[in-house]
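Colleague: To start, I am sharing the structure in question, which I have written as structure tokens.
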């Protein structure tokens, strides 16, 4: 055993360095993959991007927890509401509307100093 | 956390099983247990031959239509290892190893040398790890492209067909072409990643590809060290020269290209090339010195593996070998005939002919590397066609190699050239390797090389590191000798001061380069948003009907988006760098530019109609406005760094 260690001490040491390094890097990257860990962003999207459905989702990965949402039909506000979302939280808000032919429906969401919007222009073919 | 640890254990077991086991047993089958190799040589040879063996096993299985699944990959590696072990035992029984034993080595390290080597390796790994902490996250474009093909292998359990569709003009409008072959990728760059992912279940969009490249990078450092030990084996200060080489290739300039930056940058082919080239040279030198055909066959087997992995590295290796041959012939002109006789004896041996036959069978019966077609050869050979291919200036080359390494490397080259050892195989190989790369980088037109000069130049650091280590120790040796002979005109204390100035100069230069390469933080937040949006769209996109276009200029990690769709190498299509659309030599399609930059233009409308593009992934600040101005698009997804527009049909 002693002879084996003596003969291979360089390779064994390198193996230990590499193993520690790889494990550390994998651990770091795992944290980086976490959408919440050390991150500050949030996303707004339609539940279905292709259909006429206006249901939308807010996904929070930021430190802000209070989200205010507004629904506009062209330029007039038709709905509004507030949602509390902790970091990592996600909420789908249903929106129903009729007589939307060729009208732009905009969802505007504000949180802290940031505002984002999404919209659809529904044509009832 | 338990899940993470178990996945890590599985990952390391997969690495050992695929990257060390088959090569180790192969080594046993060829040389037996008492083979005369040092533990460093055994490690690099086990690793190198494992990569090649796994590649060849997967290629053969792919050719035989055996699905490249977890079971078949693990089974074939296990079977190969078991057969190799059986062969080893049979050969041992019949006494076959005695005549094939490599010359016993006397490269035992002293206590202080061992400490120095371990310290240098620790520093090397530590510096690279510090750099990778902020760059290991999968964002690089090259790595994204490569991992697409590896994922194709894992998903389909078949060898990939390297082809892509493109936007092309069709009459008055535009359309998407039928898939056409691409010669940019070589199968060996992708198989090993596919095998590791299959066995360990590691996700491609993770640190795992960079971690494998990190292992390859450290293996190449070790291979250069082993090569230096072999080259300077007979020198009184041989081990110290090799340790100096390890210092030049390890901790200093540890991050600049082609080292850690290529790890996070995903330059897979170069990384493999920088490992296989010194490994092959090591066995060429051993074969010629010890006059053993089995060693030459090993060297050729490694070159065969290189040829299935990276065309540029193979090309450079061939030139290096040609220069070595030329220099050796010039240096040994008087005894050339006896050397040629030795070479022919080595070449026409069952081992070498066996490897040659195996190589021919692999190329013609199993898998022909994609670059072996006339158009790919035309693009690499000929009069340099672009300004980037006409050679670097000496100062550009110095900046690539590192100033200290260039100065000491040139000194080493001159010392070796004018020393009595220049006739030896080791010297001829290192001189041939370095001179070939100097000519290819500075004056490629002399050799009819038509490859981007900066890519060739990145290879020069390896021979320069060896020459630098040699120069440093030789100067130290002279200094030491001059101190014992007081008859010098210069005061010996001046010489000592000069030596330490040299040492500080090269250390400072190398570490300054390291510190300038360290980044303060990664762009993981942007990349996470790209991945999130990609996952969202991939859930809804119909692979037959929906066509996605994304931007490469402002989106982070956009090359990885295709891994979420797995619907072709060019899916989503990409708006490339703006300058590409203005290239006067290669006129490119303009649709991908028009559809994002000017979506309301007549040309863009034709492009939308012809290609069926109906989803666009762009940066909200840089490219959102032009879409919001029209009523032809829906904005369906929005985050800080990425927004998706949909064009309803």
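Residue-by-condition table, conditions (1) in a loop (DSSP other than H, G, I, E, B); (2) more than 30 Å from residue A:6 (Cβ to Cβ):
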position	(1), (2)
B:83	no, yes
B:120	no, no
B:125	no, no
B:145	no, yes
B:175	no, yes
B:185	yes, yes
B:196	no, yes
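Colleague: Grab the helices (runs of 4 or more DSSP H) fully contained in region B:568-649, keeping just those with 2 or more residues being within 14 Å of another protein chain (Cβ to nearest Cβ) and in contact with a helix residue (DSSP H, G or I) (Cβ under 9 Å, 6 or more places away or on another chain).
Modeller: Because the criterion is at least 2 residues that are within 14 Å of another protein chain (Cβ to nearest Cβ) and in contact with a helix residue (DSSP H, G or I) (Cβ under 9 Å, 6 or more places away or on another chain), no helices (runs of 4 or more DSSP H) in region B:568-649 meet it.
Colleague: Next question, about the same structure. With (1) in contact with a helix residue (DSSP H, G or I) (Cβ under 8 Å, 6 or more places away or on another chain); (2) farther than 30 Å from residue B:524 by Cα; (3) within 14 Å of another protein chain (Cβ to nearest Cβ) as the list, and residue B:97 as the residue in question, which single condition is left unmet?
Modeller: Condition (3) is where residue B:97 drops out.
Colleague: Looking at B:245, B:221 in this structure, which one is away from chain A (no Cβ under 13 Å), surrounded by 24 or more Cβ atoms within 10 Å (Cβ to Cβ) and either modelled with pLDDT of 95 or more or over 30 Å from residue A:32 (Cα atoms) (or both)?
Modeller: Step by step, each of B:245, B:221 is checked, and only B:245 is away from chain A (no Cβ under 13 Å), surrounded by 24 or more Cβ atoms within 10 Å (Cβ to Cβ) and either modelled with pLDDT of 95 or more or over 30 Å from residue A:32 (Cα atoms) (or both).
Colleague: With the condition being within 14 Å of chain A (Cβ to nearest Cβ) and surrounded by fewer than 17 Cβ atoms within 10 Å (Cβ to Cβ), I'd like the helices (runs of 4 or more DSSP H) fully within region B:1-79 carrying at least 1 qualifying residues.
Modeller: B:2-19, B:39-63
Colleague: Restricting to region B:199-218, give me the number of residues that are over 11 Å from the mean Cα position of the chain (by Cα) and more than 10 Å from every other protein chain (Cβ to nearest Cβ).
Modeller: 5
Colleague: Taking region B:427-461 as the search range and keeping residues that are in contact with a strand residue (DSSP E or B) (Cβ under 8 Å, 6 or more places away or on another chain) and not in a helix (DSSP H, G or I), which one is surrounded by the most Cβ atoms within 10 Å (Cβ to Cβ)?
Modeller: Keep residues of region B:427-461 that are in contact with a strand residue (DSSP E or B) (Cβ under 8 Å, 6 or more places away or on another chain), which gives B:440, B:448-450, B:456.
Cutting the leftovers down to not in a helix (DSSP H, G or I) gives us B:448-450.
Values: B:448: 11, B:449: 23, B:450: 18.
Selected residue: B:449.
Colleague: Now a separate question. Within region A:37-52, how many residues turn out to be under 28 Å from residue B:126 (Cα atoms) and more than 7 Å from chain B (Cβ to nearest Cβ)?
Modeller: So the answer is 2.
Colleague: Inside region A:84-111, can you point out the residues that are within 12 Å of chain B (Cβ to nearest Cβ) and either part of a strand (DSSP E or B) or in contact (Cβ under 8 Å) with a residue 24 or more places away in the chain (or both)? Give the steps one after another, and end with the answer.
Modeller: Filtering region A:84-111 for residues within 12 Å of chain B (Cβ to nearest Cβ) gives A:90, A:102-109, A:111.
Hits for region A:84-111 are A:90, A:103, A:104, A:105, A:106, A:107, A:108, A:109, A:111.
Colleague: Would you point out the residue of region B:127-172, among those that are within 14 Å of chain A (Cβ to nearest Cβ) and without any contact (Cβ under 8 Å) to a residue 40 or more places away in the chain, that is nearest to residue B:526 (Cα to Cα)?
Modeller: It comes out as B:133.
Colleague: Turning to a different aspect of this structure: Based on what the data block shows, is residue A:79 more than 22 Å from the chain's Cα centre (by Cα) and touching a residue at least 12 places away in the same chain (Cβ under 8 Å)?
Modeller: Values: more than 22 Å from the chain's Cα centre (by Cα): yes; touching a residue at least 12 places away in the same chain (Cβ under 8 Å): yes.
Yes: the conditions hold for residue A:79.
Colleague: Quickly run through region B:389-407 and pick out the residues that are part of a helix (DSSP H, G or I) and either more than 25 Å from the chain's Cα centre (by Cα) or on the phi > 0 side of the Ramachandran plot (or both).
Modeller: Hit for region B:389-407 is B:407, nothing else.
Colleague: What number of residues in region B:523-535 are surrounded by fewer than 23 Cβ atoms within 10 Å (Cβ to Cβ) and at the interface with another protein chain (Cβ under 7 Å from one of its Cβ atoms)?
Modeller: Residues in region B:523-535 being surrounded by fewer than 23 Cβ atoms within 10 Å (Cβ to Cβ) and at the interface with another protein chain (Cβ under 7 Å from one of its Cβ atoms): 2 in total.
Colleague: With B:549, B:555 as the choices, which residue is more than 30 Å from residue B:127 (Cβ to Cβ), part of a loop (DSSP other than H, G, I, E, B) and not assigned by TED's automatic domain parsing to the domain that holds residue B:260?
Modeller: B:555
Colleague: OK, next. Do we have any residue at all in region A:10-28 that's within 11 Å of another protein chain (Cβ to nearest Cβ) and more than 30 Å from residue B:128 (Cβ to Cβ)?
Modeller: So in region A:10-28, the residues within 11 Å of another protein chain (Cβ to nearest Cβ) come out as A:10-28.
Next, from what is left, pick out any that are more than 30 Å from residue B:128 (Cβ to Cβ): none.
No: region A:10-28 contains no residue that is within 11 Å of another protein chain (Cβ to nearest Cβ) and more than 30 Å from residue B:128 (Cβ to Cβ).
Colleague: Report yes if residue B:464 is modelled with pLDDT under 90 and surrounded by 20 or more Cβ atoms within 10 Å (Cβ to Cβ), otherwise no.
Modeller: So residue B:464 fails the test.
Colleague: I'd like the residue in region A:53-83 that is surrounded by 15 or more Cβ atoms within 10 Å (Cβ to Cβ) and not in a strand (DSSP E or B) and, out of all such residues, is nearest to the other protein chains (Cβ to nearest Cβ).
Modeller: Only one residue tops the list, namely A:62.
Colleague: Which is surrounded by fewer than 16 Cβ atoms within 10 Å (Cβ to Cβ), under 30 Å from residue B:264 (Cα atoms) and touching a strand residue (DSSP E or B) at 6+ places or on another chain (Cβ under 9 Å), of A:101, A:40? It would help to see each step written out before you state the result.
Modeller: Details: A:101 fails: under 30 Å from residue B:264 (Cα atoms).
That would be A:40, the only listed residue that is surrounded by fewer than 16 Cβ atoms within 10 Å (Cβ to Cβ), under 30 Å from residue B:264 (Cα atoms) and touching a strand residue (DSSP E or B) at 6+ places or on another chain (Cβ under 9 Å).
Colleague: While we're on this one: Any residue that is within 30 Å of residue B:563 (Cβ to Cβ) and modelled with pLDDT under 85 - is there at least one of those in region B:475-482?
Modeller: Within region B:475-482, none of the residues are within 30 Å of residue B:563 (Cβ to Cβ) and modelled with pLDDT under 85.
Colleague: Which one of B:202, B:194 is modelled with pLDDT under 95, crowded, with 21+ Cβ neighbours inside 10 Å and closer than 22 Å to residue B:53 by Cβ? Spell out how you get there, then give the answer.
Modeller: Details: B:194 fails: modelled with pLDDT under 95.
Among B:202, B:194, only B:202 is modelled with pLDDT under 95, crowded, with 21+ Cβ neighbours inside 10 Å and closer than 22 Å to residue B:53 by Cβ.
Colleague: OK, next. Does region A:9-49 hold any residues that are touching a helix residue (DSSP H, G or I) at 6+ places or on another chain (Cβ under 6 Å) and assigned to a loop (DSSP other than H, G, I, E, B), and which are they?
Modeller: A:35, A:37, A:39, A:49
The values are calculated or read from the model by the stated rules, or taken from the named source; none is laboratory data. Bear in mind that the values here come from a model prediction, so they are computed numbers and not experimental data. With ideal geometry, Cβ positions are generated from the backbone for all residues, glycine too; neighbour counts draw on all protein chains shown.
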